[in-house]
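A.B. asks: The structure follows.
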Amino acid sequence: MNISGLFPSKLTMTRVPGFFRRLGVVSLFTLATAAALAAGDRKAFSTSSTLSQESSTLVRLLEQAHYNKDAVRTADYADVIPDYMKDLDGPRLFFLGTDKNEFVEKFGKNVYYNTAFLGNIDAAYEIFYRYQSRVETRITWIFEELKKEFDLSTDETYRADRTKSEWPATMSIADDLWQKRLKFELVGELLNKKSMDEAKTVVRKRYERMLKNMGEIEGNDLAELFLSTIARLYDPHSTYFSATTFEDFGIQMKLQLVGIGALLGVEEDTCVVKEIVPGGPADLGRQLKPNDKIISVAQTGSEPVEILGMKLRKIVDMIRGQKGTKVHLVVQPGDATDASARKEIVITRDTVKLNSARARAGVFQLPDAEGKNQPVGVITLPAFYGPAEEGDTDGEKTSASKDVARLIEQLKKEGVHGLVLDLRHNGGGYLTEAIELAGLFIHKGPVVQVKTYNGDIQVDSDANPRIAYAGPLAVLVDRFSASASEIVAGALQNHGRALVIGDSSTHGKGTVQQVVEMRQLAKALAASPVKTGAAKFTIQKYYLPSGASTQLKGVVPDIVLPSIDDYLPIGEADLPRALVWDQIPSSMFDGGPLDPKVVIPLRQASLKRQAELGEFAYLRKHVDWFKSRQEQKLISVNLEERKKQKASDDAFRKEMKTEREAIAKSDFTFKPFFLGPPPPPKIKVPKKEGDDEEDNDFDDDDNGTYAKADIFLREALRVVNDAIALGRDRELWASNRPPLTATSGG
């Protein structure tokens, strides 16, 4: 079967969302769920004919079209078994070492043959059955242990992060491990001002939920996990999407869905409204509110269906629907004092724009050398999103590049003297959007080079001579800036068009992924009445105009700021089976990197501020504290020791909060700009007693604008301000053109 000519036209370069995060049951494979299932009540899974065809098609696709296809041998498929077990049991708590040995021996040698030729993934189900059995047995043991007394005065410790640990070799070793884990969990609840009985109740409910969530796992969920494990043999960004996950992926990339505009969650078997999306049907109706409990769902003309205890994914599917149709919800108001209170709410489904991920801007006022305020713009881009489907004629056609172009025009009308493009936490998106967006700031020229498996190199260039913004420019990045973000930052740096500011490097993702529906790859799947999934797989590597790859190494900023991100295992180099770094010949383009005569004075001015300003002392203190906590691998389960540590941590957070509030008083004033009417304040569930109050230093505020005391953004604005001043003094120019402008050309 040759499938090499069937790729759709759009290329994507997105982060692979966590498998169980997509399922909405993150707790299943990290912490906890409830109440033992009898063996006779277990679901039996098997590989359907459609799934069998998808499985074998996926392997053929990876073998023929993946960029890294020659690096994976059939023998490597044996690694799928322990990798799949790790995905099920991330903290290495339930399986035993003997389970691993048994399954590797039984299935390891035949994974490739069974999947590629037979389309058989029954190994995924058998391993899950063992996992389910181990969980049920262990939770029964936990319930018995919770009836006993616990000695929390010992010198024992627990390793909270067990992702790199081995599974316990024997059941007795596992029992000892779990004794420490239960103490660890109980201490955590006691520190939350609970009595021992209350703490035990919380822990018990946690594991009751774990069993319940496990009982809701479907065969398609396990198939998605197992087939994704196969795809990740080739590189960490390849995966398999089930039909439902593929639908969610499309929503994420297009920033819109058809529904009611409410974020839902499940608490103790009840569906609870967590947040209302501003501008959506629920928000406009003003009837549904956070904390409301949804009791039943009905379609027009049909009987209501009670959803108590139903899986969140099924509830969401019932509430979503075609645009213009109505959904009938029976809810218990969150503020009702009578638990029997009910009201019916009818909401007409409509397109919900996910504007929280859309580009936005602000004009900040910075003092110049004479103390007069001058406007400097900021454009924040959370993702390189694309337009809706071609057939969707409703609403505006939008994309990242078009939105940024609109915002630039707004900022120019405000008379900004400089601009910061904020790409922090931007994990990528459409490659075409990255090229279009970089073209807003440069004349004609290469933006990215793309190399295929066979060595062919294609140069993707900006062919439009028009420049949307020609003034001083900086790009703000962090370790989460990946893929398309790195293309834009690196290209603008190569062209000498912008100064890059941020963490010690960006993420380091230098690969291009293709998403293709499985039904496009096989006639049998095309004819199937059953919804099929999709494959996301790496087909190319990309390189900057200079020929350097961003793979593993990322883009190195011209000015580096202290950051806790540099001490987290979040880069491409931390991912298993990441592709190697290399480079190719430079493409032909005018200009080059910024002249050191420009970079050095701007860097020195920033370093001077970093050494003198109190906000950087605050930032370094925050980084040092975080590093010390990261290095603390073993956590004491001694209650008194933990109380002392908590008191110390609470005092530190209080001190940091006070310092941050003082820093925020000197924030630059700004005026926000949105694409469309300003969003109303987000309506969120109020925090409950005991909720995590850890200080999120750099989050957006409730209006979706700019956070207080954002030290990284403050410094980026100052650097641009310095560049503006540099441009006004011809004696400081490195050439006969002002620096950091479209005419400077490196």
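What follows draws every value from the coordinates through simple rules; no lab data is involved. As the structure is a computational prediction, the values presented were derived from the model and not from experiment. Note that each Cβ is placed from the backbone with ideal geometry, even for glycine, and that neighbours are counted across all protein chains shown.
A.B. asks: Once the other residues with Cβ under 11 Å from the Cβ of ASN638 are scored (Lys, Arg +1; Asp, Glu -1), what is the net sum?
C.D. replies: Net charge in that neighbourhood comes out at -1.
A.B. asks: Taking the highest mean first, how do the peptides 132-138, 240-246, 344-350 order by number of other beta carbon atoms within 10 angstrom per residue?
C.D. replies: Ranked by mean Cβ neighbours within 10 Å, highest first: 240-246, 132-138, 344-350.
A.B. asks: Also, quick follow-up: So who's got an amide H within less than 5 Å of the one on TYR706, skipping anything under 5 residues away but keeping other chains? H placed 1.01 Å off N, in plane.
C.D. replies: ASP701
A.B. asks: Can you list the trypsin sites (Lys or Arg not before Pro) in segment 157-255 that are in a DSSP coil and have 11 or fewer other beta carbons within 10 angstrom?
C.D. replies: Counting only loop positions with at most 11 other Cβ atoms within 10 Å, the trypsin sites (Lys or Arg not before Pro) in segment 157-255 are LYS164, LYS193.
A.B. asks: Looking at the square roots a ≥ b ≥ c of the eigenvalues of the Cα gyration tensor of segment 17-235, which shape do they give, rounded for a/c under 1.5, prolate if a/b is larger than b/c, or oblate?
C.D. replies: Judged from the Cα gyration tensor, segment 17-235 comes out prolate (a/c at least 1.5, a/b above b/c).
A.B. asks: GluC sites (Glu not before Pro) within segment 232-327: which are DSSP loop residues with at most 13 other Cβ atoms inside 10 Å?
C.D. replies: Qualifying residues, ordered by number: GLU268.
A.B. asks: If you don't mind, there's one more thing I want to ask. Would you pull out the residues with amide H under 5 Å of LEU575's amide H, same chain only if 5 or more places away, H placed 1.01 Å from N?
C.D. replies: Under 5 Å from the amide H of LEU575 lies no amide H from a residue far enough along the sequence or on another chain.
A.B. asks: Enumerate the calculated ³J(HN,Hα) couplings along segment 504-516 in order (Karplus 6.51 cos²θ - 1.76 cosθ + 1.60, θ = phi - 60°), each rounded to whole Hz, writing x wherever the residue is Gly or Pro.
C.D. replies: 4, 6, 7, 5, x, 9, x, 10, 10, 10, 10, 10, 9
A.B. asks: Please list, by residue number, every one of the chymotrypsin sites (Phe, Trp or Tyr not before Pro) in segment 117-200 that is coil in DSSP and has at most 13 other beta-carbon atoms within 10 Å.
C.D. replies: PHE117
A.B. asks: Treating the Cα atoms of segment 499-566 as identical point scatterers in vacuum, please give the log10 of the normalised Debye intensity I(q)/I(0) at q = 0.22 Å⁻¹, two decimals.
C.D. replies: Those come out to -0.92, one per q.
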